[in-house]
1. Looking at this structure, is residue B:23 crowded, with 19+ Cβ neighbours inside 10 Å, within 14 Å of another protein chain (Cβ to nearest Cβ) and at pLDDT 90 or above?
2. Quick one: which of A:127, A:104 is within 12 Å of chain C (Cβ to nearest Cβ), crowded, with 17+ Cβ neighbours inside 10 Å and in contact (Cβ under 8 Å) with a residue 24 or more places away in the chain?
3. Is there a residue being away from every other protein chain (no Cβ under 12 Å) and modelled with pLDDT of 95 or more anywhere in the range B:143-157?
4. Any residue in the range A:164-181 that's in contact (Cβ under 8 Å) with a residue 24 or more places away in the chain and facing chain B (nearest Cβ under 7 Å): show its pairings with residues that are more than 16 Å from ligand 4 (Cβ to nearest atom) and part of a helix (DSSP H, G or I) at Cβ separation under 7 Å, as long as the two are six or more apart or on different chains.
5. Of the residues B:61, B:71, which is more than 21 Å from the chain's Cα centre (by Cα), under 24 Å from residue B:220 (Cα atoms) and surrounded by fewer than 21 Cβ atoms within 10 Å (Cβ to Cβ)?
6. Given the criteria more than 16 Å from ligand 1 (Cβ to nearest atom) and over 18 Å from the mean Cα position of the chain (by Cα), does residue B:23 qualify?
7. Could you grab me the full set of residues in the range A:33-54 that are more than 14 Å from chain B (Cβ to nearest Cβ) and either surrounded by fewer than 21 Cβ atoms within 10 Å (Cβ to Cβ) or within 16 Å of ligand 3 (Cβ to nearest atom) (or both)?
8. Report, by residue number, each residue of the range A:130-163 that is buried (at least 20 other Cβ atoms within 10 Å of the Cβ), more than 9 Å from chain B (Cβ to nearest Cβ) and touching a strand residue (DSSP E or B) at 6+ places or on another chain (Cβ under 7 Å).
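The values are calculated or read from the model by the stated rules, or taken from the named source; none is laboratory data. This one's a predicted model, so the numbers in the text were calculated from it and none came from an experiment. Please note: Cβ atoms are built from the backbone with ideal geometry, for glycine as well, and neighbour counts cover all protein chains shown.
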Ligand SMILES: Nc1ncnc2c1ncn2[C@@H]1O[C@H](COP(=O)(O)OP(=O)(O)OP(=O)(O)O)[C@@H](O)[C@H]1O
Ligand SMILES: Nc1ncnc2c1ncn2[C@@H]1O[C@H](COP(=O)(O)OP(=O)(O)OP(=O)(O)O)[C@@H](O)[C@H]1O
Ligand SMILES: [Mg+2]
Ligand SMILES: [Mg+2]
């Protein structure tokens, strides 16, 4: 039995068209999954069904042996945190500090520990100077950072990032990714929805959504070899692989090709 | 002349934490024609604040700003028709949620044009046209903008400004949240508008690949200061961009990696994949 | 908008900031009750003096409080006028006829226009409002020539009317000042937590104090948000050529309406999103939670409570004798 099991999952907002259509996926504990797909392909909807905010039309979701339902939703949410696509939708607290604390308060983290963690995670996302600000007065990227800190501080077993870094500058993004990598090493299961192919390359497996269906779900290295999957789903390959593919016909570029692959998969 | 900043600073005041100066002593000029400018800088560096000045949505707290000959100061001037400025300079907000407010996508896109005395039929036609331009089909016209996916909202918010047909377009992170194909389509669209009409376009982005490929002028903000104004290539030839929280475009990074790991000597300053490819193929023959 | 400080928290130092929110809530409650028990105007004046003294001791910027009172000045003035007109006991102080003629109308229109113009060009909005009210009175009283529109009517002010109206206004002033001090020096989060703690004993009789506190804290959290939301929509409209402050009155009205509808819809969507956000971060109504803000009492709290209790006792004693 897998850690996260999604079986025959369908969802529809208006009863007419299925926004999620017969999704079947298994995710193992400690895996890093990247989710790619065109705008409106159902990525955010999938994320919301996973945390029980939307009730599936058909199908089952099982996480760590617990099948998601009305009664078990609370139980499951203790294991899984989600950073929403629009950080504004996430703010509950009056100040940055209160907001980071909110999830921990619900988990009954003792106050002393909470204060420590707030400082720790605010520092991780570079928002230490902004603890007393109101969320409404932050810049776009700062809002995203606070949203991320609030979820990281809850130390869930699984975290879903829904385009959580889309407005960060390259440097902050890199810093954050480095930190997420260390969390992953320590066993965090990650589901990262993104349009940034370079970010997706860090995943163990990539899930490509297309019009509400699973278009492909494979190991990162494997899926990168399949240009078709990418072009037919509004996606692009990373620059290095695009170059490698264009050099594919000629044997004399073999060395360069290998290096390009090495770059894509390690950088 | 289009927009000129004269030593503009902007401080936000709030009860909670007093004064916070978001942009400091900014001076530069944007011509009303032929400009295609990227605005980059770290998170919180003041890009959005700067952009909101460009159509007088917020006023400088010190310094002045000229927009199409009108002088904007820290006070509202009764003689200035701000609505005219907003018609001339269209601004797409960073968060589409801040821009969408009507019940249907069609009404929302029509809102801008309708304020400028055109008939309902014309506005409807415009709405449809702009919606198609940003890659959404007619079925979205009747949808509620709040029930769209993130990327779809972004597209609708862009369509709402395009429909106003402004003389200068300012777009705050228009490509964040778009899928790669959409990003390409919209960047080509902006470039196309610019090429055909010579209108000036200013785009805020964190995507260095786009900066390198599309733009001929880049402004860099850092902690509220404008620290660079010039050719992107010049910027990317600088060392240690990371200290300004920027990065190099992927083509440069990849070619540089090839040079270092294979001990070859490619010219790394290639804007596009095609150019990079030619460089690799050419170099290998040597 | 920014001068409205009622209900606003402003960070600062000083005595009142150091008090526990529970103390402040109890003290404000006790003092308000005492204010209602006072029966003589002298007592109230002393109370007003003491309230001002408290502001000074607490290093609260009095000018700021007065500025914050401005928006409700109009309310105070109306209360004042109503009290004067309605109370018909005691000795008559003034009595005379009032006239309403064509000329009265003319004068009133002129006064109105003058008032609006002065408000626009000078900063003393309030002074001119005051002058406007007085000029209405003077016109009604002295302008008696010209064609009568309404039959002359008798107007009288009684001694009790005056004392009562002053009394009521001062009482209102004290109450507003007290509650302003409370909200000015207490973070909304502390305020709700204080309320929650105070109402905790009520749990025994089935009152869900936590949910109540939550409702209050969400409202507090959402008042600025709703302003923000309105602000955002106005910005969105302005940036698309519909600036509120430009255009004719008719256009403005249309725009107000175009603001209201989306505000309701967006507020509705927001509330749903907020509920989602809270749920997804493990919030379960009624379940125990820890708190980042901790309440602690000190000797100051004891003193403050003692003080307000003695004021209450004093007021009771005064009432009885
Ligand atoms: N609240 C809603 N009511 C009705 N339809 C909705 C709602 N939210 C989303 N949809 C529709 O469901 C589809 C999937 O939306 P979803 O938000 O899951 O897409 P996504 O893959 O996250 O896209 P993006 O990359 O743009 O964020 C879209 O076509 C969208 O229009
Ligand atoms: N309304 C406000 N009140 C107080 N401070 C504000 C307000 N809006 C922005 N700021 C502050 O001003 C600074 C600049 O904000 P701005 O939104 O211009 O940044 P930005 O460059 O657009 O960043 P990002 O890339 O994250 O969107 C930030 O530090 C932010 O916290
Ligand atoms: Mg989404
Ligand atoms: Mg911004």
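1. It is true that residue B:23 is crowded, with 19+ Cβ neighbours inside 10 Å, within 14 Å of another protein chain (Cβ to nearest Cβ) and at pLDDT 90 or above.
2. Values: A:127 fails: within 12 Å of chain C (Cβ to nearest Cβ).
Of the residues listed, the single one that is within 12 Å of chain C (Cβ to nearest Cβ), crowded, with 17+ Cβ neighbours inside 10 Å and in contact (Cβ under 8 Å) with a residue 24 or more places away in the chain is A:104.
3. Here is the first cut: in the range B:143-157, the ones away from every other protein chain (no Cβ under 12 Å) are none.
Checked the range B:143-157: no residue is away from every other protein chain (no Cβ under 12 Å) and modelled with pLDDT of 95 or more.
4. Qualifying pairs under 7 Å: A:168/A:176.
5. Values: B:71 fails: under 24 Å from residue B:220 (Cα atoms).
Checking each option against the conditions leaves just B:61.
6. Details: more than 16 Å from ligand 1 (Cβ to nearest atom): yes; over 18 Å from the mean Cα position of the chain (by Cα): no.
Judged against the criteria, residue B:23 is not a match.
7. Residues of the range A:33-54 more than 14 Å from chain B (Cβ to nearest Cβ): A:33, A:49-53.
Result: A:33, A:49, A:50, A:51, A:53.
8. The answer is A:147, A:148, A:151, A:154, A:156, A:158, A:159, A:160, A:161.
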